[in-house]
Each structure stands twice: as C-alpha cells, then as structure tokens.
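Visitor: Attaching a single structure in structure tokens format; questions to follow.
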Amino acid sequence: MVDNYGRRIEYLRVSLTDKCNLKCIYCMPEKEDVEKKCCRKKMSNEEIIKFVRIAASLGIKKIRYTGGEPLIVKDIDKLIYNTGRIHGIKDIAITTNGVLLEDMAGELKNAGLKRVNISLDTLREYRFKKITRNGDINKVLKAIDKCLCLGMTPLKINVVLLKGINDDEIGDFINLTKKLPIDVRFIELMPIGEGVKFYKNSLMTSEEVLERFPMLIRIKNKGISTAESYKLRNARGRIGFISPLSCKFCKDCNKIRLTSEGMIKPCLHSQEEISIKEYIDNEVLLTSKIREAILSKPEEHNMELNKRSETERMMFQIGG
C-alpha cells in the first residue's frame, strides 16, 4: 500500500513486549518502577498473527519482532514459524540484546528466522555491566559466535553512540568487519525517553565518526535502508550510520509499528497512535484501521527542530 507521500509501506515492526532483561541507561529508568510503565494487557501471539495476516494482504512483506526484549516472550519460535507461513511475508527478523540468543538461535532459524540484529554498545565487560546495569557481555559474544556458525549472516550489531561513554571503541567495532560477515551500525542517540537525559552531552553524529575514520569508503545500499553504508577496503562486513536527526531518512520511510498492547504508530516520533485491539477479530474493520494508519503517516518528523521526540512513550515501549 502507498501512503499519501508516495511511499510504499512494506515493513512492519512489532513490539512483542515492553519488558526487558536488561536496563540500559539511555533506555530504562533506574529508580522508577519500570513495571508501572509497562502495559499489563499484551497482544497474544495469536492476535499478532491475525494482524500480520491482514497487514500482509495490504502489502507488508518484511516483519521485525522487537521488544523490550523479544526473546523473553513465550513461544516466540512458534510465532516466527506461523509468521513465515503467511502469504506475502518474505523476511522475518528480530532485534535482541542477545543475552538469551545462544541457546535459542538454532530453534529460531529452524522456525524461519532470517536475520538478527543484536544491540551491543560496548565490547568491554566492565563497561557492558555499567551501560546495561549488570548484564553479562559473555552471553552476547557467545550468541554472536553461534549465529555466525549457523550462517545467519550478515549479522547486524546495533551500537548507540554515546560521546564520553563508548566513543573510544568505535575503531574496535569497525575492525570487527574486517574478517567477519558482520554489519556494524552506529546509531545516533535519539532524544526520546531516558535518552533525553544524555542527549545534550552524549550526542555524537555520523559526520564526527567519518571525520575520525576517513578510511571508510561509501557504498551504495541495495534497496531501501535507514543506514548510510560504508566499509573498509577488502573487509567482509560493512559499517552503517543511522542518523535520524543529522541526516533523517523520512522521505524513504517504508514502515509502520505495532506496540505490544495493540497500538499502531505510523511514525516512531509522533504522538499519533491508532488502537486496533478491539478490531482484532473483525477482518473488515482491522483492514480499515491499518489503511488509516498508513495514510496518516506524516511526511517527516521534527526532532531536529524540537531536540526531542514528540512521543510520550519511552523507547522500550515502542521497540525502535
């Protein structure tokens, strides 16, 4: 389906839960009771399949399951398997922190999972504990090895750049791409939720990274991508920059999002949300609501003007 600005909407991100087994400093509040911010009534896996089936009939081809942390959701392997059986769905991916992935990777691949993005903001054990508030990086590193052994490549690693916190590791992440089929994607910190507290002092743009690493070579993307792609000469992997503020990509945005409690977000940074939970068993009305959401996608966000997202949600409540 095409929106009002000529963009073909083919990509759906589904947040399966707003709960997480980590508590990253720029995502989750430290002192507040996170449970109070988490919704109580989540969509069931069966309801999600109903939604995806209708979305696919309207042109959705690519599904990404996110969280919170999607791997804490019961029967996610069955959800992925049933998603793959829907006519029109060509690609199924997840974004995960990787802590639980090593033991689940084989089952998920067998279920039909095509691609994995792992969120990893440091390669140093002590720093990982600090950023995630006591997470174990060794579990994530083992998960990366497991995915590579299973041939789930190119494996993408998402790194949120935090000036003064992890920017001294940019070179280490870039070097991962030399011999491994890994795509490292540096993501600009967004002024949303807890990220607002870090934004003023910790924002680091892609331009700053490219000035520091002039050996990176620009390459063309295949198809629509939120990342500008680069690589080292003769490297197996690639480097990507996702820059929603300094170089926003709204004109090519081809996605809508579904939150874990059944709200469609036409734009990540907009306040607008469309509830579909009450229509999940009515195919005609559900189809109408998804059409409504696609046609209500704004032309662009205004974060660069306001220096913060318009949404009142925190990132763990949306799924990125």
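The values are calculated or read from the model by the stated rules, or taken from the named source; none is laboratory data. Keep in mind that what you see is a predicted model, and the values were worked out from it rather than measured. With ideal geometry, Cβ positions are generated from the backbone for all residues, glycine too; neighbour counts draw on all protein chains shown.
Visitor: Return only the number of the condition from (1) under 14 Å from Ile118 (Cα atoms); (2) assigned to a loop (DSSP other than H, G, I, E, B) that Gly193 does not satisfy.
Guide: Among (1) under 14 Å from Ile118 (Cα atoms); (2) assigned to a loop (DSSP other than H, G, I, E, B), the lone unmet condition for Gly193 is (1).
Visitor: How about region 26-52: which of its residues are assigned to a loop (DSSP other than H, G, I, E, B), at pLDDT below 95 and not acidic (Asp, Glu)?
Guide: Those that are assigned to a loop (DSSP other than H, G, I, E, B), at pLDDT below 95 and not acidic (Asp, Glu): Tyr26, Cys27, Met28, Pro29, Lys31, Cys38, Cys39, Arg40, Lys41, Lys42.
Visitor: Scan Asn134, Asn82, Asn138, Asn110 and give me the residue that is on the phi > 0 side of the Ramachandran plot, more than 20 Å from the chain's Cα centre (by Cα) and surrounded by fewer than 21 Cβ atoms within 10 Å (Cβ to Cβ).
Guide: Asn134
Residue by residue, here is whether (1) of a type in the set (Val, Ile, Thr); (2) buried (at least 19 other Cβ atoms within 10 Å of the Cβ) holds:
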residue	(1), (2)
Cys20	no, yes
Lys41	no, no
Val52	yes, yes
Ile86	yes, no
Thr96	yes, yes
Glu102	no, no
Leu120	no, yes
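Visitor: State all residues of region 53-78 that are free of Cβ contacts under 8 Å to residues at least 40 places away in the same chain and either over 30 Å from Gly6 (Cα atoms) or in contact with a Leu (Cβ under 8 Å, 6 or more places away or on another chain) (or both); if no residue qualifies, say none.
Guide: Of everything in region 53-78, those that are free of Cβ contacts under 8 Å to residues at least 40 places away in the same chain and either over 30 Å from Gly6 (Cα atoms) or in contact with a Leu (Cβ under 8 Å, 6 or more places away or on another chain) (or both) turn out to be Leu71, Lys74, Asp75, Asp77, Lys78.
Visitor: For the list (1) surrounded by 19 or more Cβ atoms within 10 Å (Cβ to Cβ); (2) part of a loop (DSSP other than H, G, I, E, B), I need the number of the one condition that Lys178 fails.
Guide: Condition (1) is where Lys178 drops out.
Visitor: Taking the condition basic (Lys, Arg), over 24 Å from Pro266 (Cβ atoms) and either in contact with a Cys (Cβ under 8 Å, 6 or more places away or on another chain) or surrounded by fewer than 18 Cβ atoms within 10 Å (Cβ to Cβ) (or both), does Lys231 pass?
Guide: no
Visitor: Next question, about the same structure. Among the residues in region 200-218, are any part of a strand (DSSP E or B), more than 22 Å from the chain's Cα centre (by Cα) and β-branched (Val, Ile, Thr)?
Guide: Taking every residue of region 200-218 in turn, at least one turns out to be part of a strand (DSSP E or B), more than 22 Å from the chain's Cα centre (by Cα) and β-branched (Val, Ile, Thr).
Visitor: Can you tell me which residue within region 53-91, out of those that are assigned to a helix (DSSP H, G or I) and basic (Lys, Arg), is nearest to Ile294 (Cα to Cα)?
Guide: Arg53
Visitor: If you don't mind, there's one more thing I want to ask. Would you confirm, using the coordinates I've provided, whether Asp3 is at pLDDT below 95 and crowded, with 21+ Cβ neighbours inside 10 Å?
Guide: For Asp3, the condition - at pLDDT below 95 and crowded, with 21+ Cβ neighbours inside 10 Å - is not met.
Visitor: Would region 138-161 turn up any residue that is assigned to a loop (DSSP other than H, G, I, E, B), at pLDDT 95 or above, of a type outside the set (Asp, Glu) and farther than 17 Å from Leu180 by Cα?
Guide: Yes - at least one qualifying residue is present in region 138-161.
Visitor: Of the conditions (1) in a helix (DSSP H, G or I); (2) free of Cβ contacts under 8 Å to residues at least 24 places away in the same chain, Gly6 clears all except one; give me its number.
Guide: (1)
Visitor: Does any residue of region 96-106 turn out to be closer than 24 Å to Leu189 by Cβ, small (Gly, Ala, Ser) and at pLDDT 95 or above?
Guide: Scanning region 96-106, I find at least one residue that is closer than 24 Å to Leu189 by Cβ, small (Gly, Ala, Ser) and at pLDDT 95 or above, so the answer is yes.
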